[in-house]
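Engineer: Mind having a look at this structure? Questions to follow.
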Amino acid sequence: MNPLHPQPEGPYVVGAADSQPAALQLSVIVPTYRESSGIAEMLERLTGILQSLLPGQYEIIVVDDDSPDLTWQIAQELSSKIPELRVMRRETERGLSTAVLRGWQAARGNFLAVIDADLQHPPETMVDLFRMMQRGSDIAVATRHVEGGGVSDWSLFRRVISRGAQLIGLVMLPGVVGKVTDPMSGYFMVRRSAIANIEMRPLGYKILIEVLARGRCRWIGEVPYVFRERDQGQSKVTRKIYVDYVRHLFRLRLALLPLSRFFRFAVVGCSGVIVDMGLLYLLSDPSMLAWGLTRSKLIASETAIINNFVWNDLWTFGDVSMRHRTWQNRLRRFGKFQMICFVGLVLNAAILNFQFNVLGINRYVANAISIVLVTGWNYWLNLKISWRVADLPKP
Ligand SMILES: Nc1nc2c(ncn2[C@@H]2O[C@H](COP(=O)(O)OP(=O)(O)OP(=O)(O)O)[C@@H](O)[C@H]2O)c(=O)[nH]1
Ligand SMILES: [Mg+2]
């Protein structure tokens with residue numbers, strides 16, 4: 001029996017071919033959750049097909065989320081009969097897309113595939129996917145929506161939901177969802193080099209959309225298949241899956257917007273201005289708390305600094321912070337951000353006071369002018385010191 005496969009940790013980045021020991025031609029990931037009733041039959045059929053297609057050149061990795069029905073154990077026992085089979089039992093992470101990525105991270109294949117465990121995806125189609133890849137595709141997708149494909153017994157309701165989800169995707173991400181006829185498919189094969197060294201941010205069920213959006217998939221092949229009814233085990237599709245799908249689309253839409261870093265910094269800066277202005281009004285305005293201007297300004301600006309750090313770390317410099325996301329790193333960045341902004345804050349208060357007390361300019365106009373001046377200073381220093389963007393590897 002093969003030992004359990006250790007679970008990769010950290011960001012979801014699949015390594016390049018040269019980072020893999022003993023490369024194989026194909027790695028097939030089978031994500032499972034509570035599939036004990038059908039997993040053995042599925043794995044035996046899949047192995048039969050791969051064995052005649054690619055003897056000695058493939059592996060199957062079952063990634064199970066610690067299923068209470070012990071799916072992982074059944075699969076692992078089978079590995080004494082099927083040496084190409086490994087099992088990863090995840091005890092700390094959940095979700096279909098993350099399972100597929102963890103599997104690919106552990107995989108040694110040049111082609112990386114995913115297939116459902118419940119035999120709704122006919123294992124025979126794997127041969128067609130592989131042939132399509134051999135002809136040069138970067139990704140080969142098994143699709144229900146071309147000649148020869150289909151869904152067997154879906155209710156009208158399920159068809160409408162599936163097509164509706166596709167339509168929402170087309171509206172929000174036409175350049176991604178429109179690349180294939182069946183973007184909802186969970187059955188495909190991708191070339192390692194098309195996703196190597198790219199940070200994925202999986203969410204929910206639709207790993208194909210993540211791969212199409214972030215990967216380098218120029219040549220896309222499609223292979224028809226008929227999605228069979230489930231006759232073993234239970235569906236895991238819940239309402240949350242649809243909510244996650246829409247969240248995923250939003251996340252990708254934002255990530256793919258052609259926004260420059262400075263533009264994002266400026267947008268975050270605007271949110272800080274709202275916080276700063278709002279608090280300055282609450283604290284210092286004679287009709288509100290009527291505190292002293294300097295004290296109010298310090299509190300307003302410090303709150304805005306914290307607001308800005310959070311958004312900059314998550315969004316403006318998200319690519320940098322994803323690489324260093326321990327709490328120590330975050331705190332260190334916050335420390336530097338705080339220091340730079342503190343100096344900026346002193347400058348800001350001095351410029352504000354000068355305008356208000358000496359030049360007699362309205363306090364809000366004066367505040368806006370000092371914020372604009374200090375923003376340029378803050379951006380430049382934070383770029384160089386807090387997030388050290390110059391250290392990023394070139395794409
Ligand atoms: N590791 C892991 N696998 C999952 C998870 N959710 C679903 N799966 C597996 O992913 C595959 C697809 O899930 P299904 O529930 O069959 O989804 P579906 O095929 O779209 O829906 P049905 O037609 O209702 O079966 C199956 O092999 C599941 O066991 C999860 O959270 N973690
Ligand atoms: Mg299914």
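Engineer: Taking Cα atoms, how many degrees apart are the long axis of helix 39-53 and the longest axis of the chain, rounded to 10 and kept between 0 and 90?
Structural biologist: Taking the Cα atoms of the chain, the angle to 39-53 is about 80 degrees.
Engineer: A further question on this structure: How big is D for the chain, in µm² s⁻¹ as a whole number, if Stokes-Einstein is applied with the Kirkwood radius of its Cα pairs at 37 °C and 0.692 mPa s?
Structural biologist: Translational D for this selection: 137 µm²/s.
Engineer: Could you compute how much accessible surface Arg323 exposes when probed at 1.4 Å, giving the result in Å² to the nearest 10?
Structural biologist: Spelled out: Arg323, probe radius 1.4 Å, area about 130 Å².
Engineer: Oh, and also: If you place +1 on the Cβ of every Lys and Arg and -1 on the Cβ of every Asp and Glu, how big does the dipole about the Cα centre of the chain come out, in debye to the nearest 20? Don't jump to the answer; show the numbers that get you there.
Structural biologist: Working: 45 positive and 34 negative charges, 288 e Å.
Taking the Cα centre of the chain as origin, the dipole is about 1380 debye.
Engineer: If amide H atoms are built 1.01 Å from N in the plane of the peptide, which residues on other chains or at least 5 residues away come under 5 Å of the amide H of Gly149?
Structural biologist: For Gly149, whose amide H was placed from the backbone, the distant partners under 5 Å are Tyr225.
Engineer: Along the stretch 3-10, what does the Karplus equation 6.51 cos²θ - 1.76 cosθ + 1.60 (θ = phi - 60°) give for ³J(HN,Hα), rounded to whole Hz, x for Gly and Pro?
Structural biologist: x, 4, 7, x, 8, x, 10, x
Engineer: Further question on the same structure: Sum up the charges of everything whose Cβ sits under 10 Å from the Cβ of Ser321, counting Lys and Arg as +1 and Asp and Glu as -1, but leave Ser321 out.
Structural biologist: Details: positive: Arg323, Arg325, Arg330, Arg333; negative: Asp313, Asp319.
The answer is +2.
Engineer: If packing is taken as the mean number of other Cβ atoms within 10 Å per residue, what is the order of 138-149, 265-276, 58-69, 168-179, highest first? Provide the component values of the computation, followed by the final result.
Structural biologist: Values: 138-149: 20.2, 265-276: 18.0, 58-69: 22.1, 168-179: 16.1.
Those peptides, ordered most packed to least, come out 58-69, 138-149, 265-276, 168-179.
Engineer: Could you give the length gained on full extension between Phe262 and Met339, defined as 0.36 nm per residue of separation minus the Cα-Cα distance, in nm? Don't jump to the answer; show the numbers that get you there.
Structural biologist: Values: separation 77, 0.36 × 77 = 27.72 nm, distance 2.00 nm.
That pair, Phe262 and Met339, stretches by 25.7 nm at full extension.
Engineer: With no solvent and one point on each alpha carbon, what is the Debye value of log10 I(q)/I(0) for the stretch 51-96 at q = 0.17, 0.20, 0.32 Å⁻¹?
Structural biologist: -0.52, -0.67, -1.14
Engineer: Over the stretch 236-298, what per residue volume does the convex hull of the Cα atoms give, in whole Å³? Can you show the working numbers first?
Structural biologist: Values: hull volume 9.3 nm³, N = 63.
Once divided by residue count, the hull of the stretch 236-298 is 147 Å³.
Engineer: A follow-up question, please. So what are the ³J(HN,Hα) numbers for the stretch 319-329, from phi and the Karplus equation (6.51, -1.76, 1.60; θ = phi - 60°), rounded to whole Hz, Gly and Pro as x?
Structural biologist: For the stretch 319-329, the Karplus curve yields 5, 7, 5, 4, 7, 9, 10, 6, 5, 4, 4 Hz.
Engineer: Give me the distance between the Cα centres of the stretch 232-265 and the stretch 48-65, rounded to whole Å.
Structural biologist: Centre-to-centre (Cα) distance: 31 Å.
Engineer: Calculate, for Ser287 and Leu167, the FRET efficiency according to 1/(1 + (r/R0)^6) with r their C-beta to C-beta distance and R0 51 Å; round to the nearest 0.05. Don't jump to the answer; show the numbers that get you there.
Structural biologist: Values: r = 51 Å, r/R0 = 0.99.
The value I calculate is 0.50.
Engineer: Pull up the DSSP beta bridges for the chain and report the antiparallel fraction as a percent, rounded to 5. Mind showing how you got there, number by number?
Structural biologist: On the way: 9 of 33 bridges.
Once the DSSP bridges in the chain are tallied, antiparallel ones form about 25 percent.
Engineer: For the charge dipole of the stretch 252-395, defined by +1 on Lys and Arg C-beta atoms and -1 on Asp and Glu C-beta atoms about the Cα centroid, which residue among Pro286, Leu359, Val320 has the Cα displaced farthest towards the positive pole?
Structural biologist: Highest projection toward the positive end goes to Val320.
Engineer: Give the aspartates and glutamates whose C-alpha is closer than 19 Å to that of Lys179, dropping any in the same chain fewer than 8 places away, or say none.
Structural biologist: Cross-link targets: Asp138, Glu147, Glu210, Glu222.
Engineer: If the cut-off is 20 Å between C-alpha atoms, which lysines fall inside it for Lys336, apart from same-chain ones fewer than 8 positions away?
Structural biologist: Lys384
Engineer: Excluding ligands and nucleic acids, what accessible area in Å² is computed for Asp285 using a 1.4 Å probe, to the nearest 10?
Structural biologist: 30 Å²
Engineer: Net charge near Gln120, counting Lys/Arg +1 and Asp/Glu -1 over other residues with Cβ under 14 Å of its Cβ?
Structural biologist: On the way: positive: Arg45, Arg144, Arg158, Arg228, Arg230, Lys236; negative: Glu35, Glu41, Asp116, Asp118, Glu124, Asp153, Asp182, Glu229, Asp231.
Every neighbour counted, the sum reads -3.
Engineer: Based on the Cβ-Cβ distance of Thr181 and Leu347, what FRET efficiency does E = 1/(1 + (r/R0)^6) give at R0 = 51 Å, to the nearest 0.05?
Structural biologist: Working: r = 57 Å, r/R0 = 1.12.
In this case the efficiency is close to 0.35.
Engineer: Positive end of the charge dipole of the chain (Lys, Arg +1 and Asp, Glu -1 on Cβ, about the Cα centre): tell me which of Thr98, Leu85, Pro3 has its Cα farthest that way.
Structural biologist: Thr98
Engineer: Among Met184, Gly215, Ile299, whose Cα lies farthest out toward the positive end of the dipole of the chain, if unit charges sit on the beta carbon of Lys, Arg (+1) and Asp, Glu (-1)?
Structural biologist: Working it through, the farthest residue towards the positive pole turns out to be Ile299.
Engineer: Something else now. Where does each of 104-112, 227-235 land if you order them by average Cβ count within 10 Å, highest first?
Structural biologist: Working: 104-112: 22.7, 227-235: 14.2.
Highest to lowest by the protection proxy: 104-112, 227-235.
The values are calculated or read from the model by the stated rules, or taken from the named source; none is laboratory data. Keep in mind that this is a model prediction, so the values were computed, not measured. In this analysis, Cβ positions are derived from the backbone assuming ideal geometry, glycine residues included, and neighbour counts consider all displayed protein chains. Note: accessible area is taken over every heavy atom of the protein model, side chains too, but ligands, DNA and RNA are not part of it. Shrake-Rupley method; radii C 1.70, N 1.55, O 1.52, S 1.80 Å.
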